[in-house]
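Only one structure is covered here, and it is reproduced in the block below.
The values are calculated or read from the model by the stated rules, or taken from the named source; none is laboratory data. These figures come from a predicted structure and were not determined experimentally. Reconstructed Cβ throughout: ideal geometry from the backbone, glycine too, with neighbour counts over all protein chains shown. Note: areas computed on protein heavy atoms with side chains; ligands, DNA, RNA excluded. Shrake-Rupley method; radii C 1.70, N 1.55, O 1.52, S 1.80 Å.
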Amino acid sequence: MLKTQAFREAFGLAIPIVQAPMAGSNGATLAAAVSGAGGMGSLPCAMLSPDRIREEIAAIRSATANPFNINFFTHTDPLPDEAAQARWRARLRPYYDEMGSDPNALTNAPGRRPFDADACALMEELLPPVISFHFGLPEAGLLRRLKAVGIKIWGCATTVAEARWLAERGVDAVIAQGAEAGGHRGIFLTDDPVRDASKQIGTLALVPQVADAVGDIPVIAAGGIADGRGVLAALVLGASAVQVGTAFLVTPEAATSAVHRAALKTATDDGTAFTNLLSGRPARGLINRVMAELGPISRDAPAFPTAGAALAPLKAKAEAEGRSDFSSVWSGQAASLAVEEPAADVTRRLWAEAEALRQHFL
Ligand SMILES: Cc1cc2nc3c(=O)[nH]c(=O)nc-3n(C[C@H](O)[C@H](O)[C@H](O)COP(=O)(O)O)c2cc1C
């Protein structure tokens, strides 16, 4: 457990468990609970305005003095594509008719903002201890500015090549995101993430190969880890820490929606799939009606993050009736291992289980 010890010292943690940032499903409350328990809480910012980011960081800091992680997406917004949007709406037409929704009275997509110069200036002002990036890294100049003010940088890799790319750019840790993981695949070294959804590598195979590839840079294993067995297995495979998402979705501190919580209650090992229908990029979620009927992968969905706009009115109507037919009910493959208990208890329990198993087996 030497690597784990070094990681804990480097990032000021008592417990080498990172609560995965989960845009739309977690805010300061969950992050503060996990950081307060000695793990690393994370605040996802992809769907937050600058004012909300400021408020949420203040809320974490007022709840705990412990370190926390701020998370951004680094995708490039696509050019407007009216033809693609029209094709997508035509594909969804039967649903609009069934639900009595007007396809032309579309609401805004659930926006996902890429990290930019304004976000960089905000981070220079607020100085979070760590920032993790999904879908690559910001451009070199912005990255230099964050490092210059002492912020530690983590990047997410879904392949060995992505891990090497991140290591060459000087990240302080690589998150190795295996295929079991809930939410968006962090894929970035590809011209076609939708095509590459079928190539995704499981955590068991990815973590040791990434650990071998990046040498001294700590690896944080993510994907399918939801109890102490998963935590210890990831450390044995070469990780210094783990990042856990789905297991925290059922905690009272998570901002998980009612339909999402209800769907997670009956989750099974084979109840999820990769889909690009809900955002435009492949993400693992509980199989819902639109995934079952139109996908789960379809070339008709417009580019990330613009696919969600056309679904928004359908989603709102279905959710009002308690159904997740058109919602992003993101989940990893180990959802059924999740226990409904406070997030601090999850953090401490996973680590206590891993320590007990280590004494038993190693
Ligand atoms: C609901 C949900 C939302 C997510 N949103 C983000 C996000 O905003 N940023 C990010 O880097 N990763 C996001 N992820 C991926 C997680 O960081 C992580 O890779 C994943 O949760 C680990 O797998 P697990 O869910 O099996 O624990 C999300 C995952 C879930 C389940």
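Report the FRET efficiency, 1/(1 + (r/R0)^6), for VAL339 and ASP269, where r is their Cβ-Cβ distance and R0 is 22 Å, rounded to 0.05. Mind showing how you got there, number by number?
Values: r = 16 Å, r/R0 = 0.74.
With a Förster radius of 22 Å, E is 0.85.
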Please give every one of the lysines within straight-line cross-link reach of LYS265, meaning a C-alpha to C-alpha distance under 24 Å, and leave out same-chain neighbours fewer than 8 residues apart. LYS315, LYS317
Between GLU98 and ARG358, the two model label points (7 Å from Cα along the beta-carbon direction) sit apart by a distance in nm of 5.0
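What does the accessible area per residue of the stretch 48-102 come to in Å², with a 1.4 Å probe and no ligands, DNA or RNA counted? Provide the component values of the computation, followed by the final result.
Numbers: 3070 Å² over 55 residues.
The answer is 56 Å² per residue.
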Once every DSSP H run of n ≥ 4 in the chain is given -39500 (n - 2.57) and the sum is divided by its residues, what mean residue ellipticity at 222 nm do you get, rounded to the nearest 500 deg cm²/dmol? -12500 deg cm²/dmol
For the chain, calculate the relative contact order in percent as a whole number, restricting contacts to Cα pairs under 8 Å that are 6 or more residues apart. 20
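Order the peptides 76-86, 268-278, 351-361 from the highest to the lowest mean number of other Cβ atoms within 10 Å of their residues. Present the calculation step by step, with values, prior to reporting the outcome.
Working: 76-86: 11.6, 268-278: 19.7, 351-361: 14.4.
Put in order of decreasing packing, that is 268-278, 351-361, 76-86.
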Within the stretch 117-150, the residues whose backbone N lies under 15 Å from a label point placed 7 Å from the Cα of SER49 along the Cα-to-Cβ direction are none
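Treating only the Cβ of Lys, Arg, Asp and Glu as charged (+1, +1, -1, -1), what charge dipole size does the chain show about its Cα centre? Round to the nearest 20 debye. Write down the numbers at each step before the final one.
Values: 33 positive and 38 negative charges, 38 e Å.
So the dipole magnitude of the chain works out to roughly 180 debye.
Kindly give the semi-axes, whole Å and largest first, of the ellipsoid equivalent to the stretch 154-289, taking each as the square root of 5 times a Cα gyration tensor eigenvalue. Working shown, then result.
Details: eigenvalues 128, 68, 30 Å².
Equivalent ellipsoid of the stretch 154-289: 25, 18, 12 Å, largest first.
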Within the under-13-Å Cβ sphere about PRO44, not counting PRO44, Lys/Arg +1 and Asp/Glu -1 give a net charge of +2
So what's the projected area for the chain, the Cα convex hull averaged over all directions, in nm²? 16.7
Exposure ranking of MET1, MET99 by accessible area [1.4 Å probe, largest first]: MET1, MET99
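Suppose accessible area is computed on protein heavy atoms with a 1.4 Å probe; arrange ARG348, ARG112, ARG323 from highest to lowest.
Working: ARG348 120, ARG112 25, ARG323 75 Å².
Descending accessible area places them as ARG348, ARG323, ARG112.
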For the stretch 2-83, what does the convex hull of the Cα positions come to per residue, in cubic angstrom? 115
For the stretch 239-362, what is the Kirkwood estimate of the hydrodynamic radius, computed as the reciprocal of the mean inverse distance between distinct Cα atoms, to one decimal in Å? 15.8
Per-residue SASA entry for LYS317, accessible area with 1.4 Å probe, Å² rounded to 10: 80
Hey, any idea what % of the stretch 243-362's accessible area is carbon plus sulfur with a 1.4 Å probe? 53
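Which percent of the accessible heavy-atom area of the stretch 73-206 goes to carbon and sulfur, probe 1.4 angstrom?
Details: 3200 of 6080 Å².
Carbon-and-sulfur percentage of accessible area, whole number: 53.
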Nearest-5 percent of antiparallel DSSP beta bridges in the chain? 20
So ALA262 and VAL236, fully extended at 0.36 nm per residue minus their Cα-Cα distance, gain in nm 6.0 nm
Accessible surface of LEU143 - all protein chains present, 1.4 Å probe, nearest 10 Å²: 10
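Please give me the summed charge of the neighbours of VAL214: other residues whose Cβ is under 14 Å from its Cβ, Lys and Arg +1, Asp and Glu -1.
Numbers: positive: LYS3, ARG164, ARG169; negative: GLU162, GLU168, ASP172, ASP212, ASP216.
With Lys, Arg at +1 and Asp, Glu at -1, the neighbours total -2.
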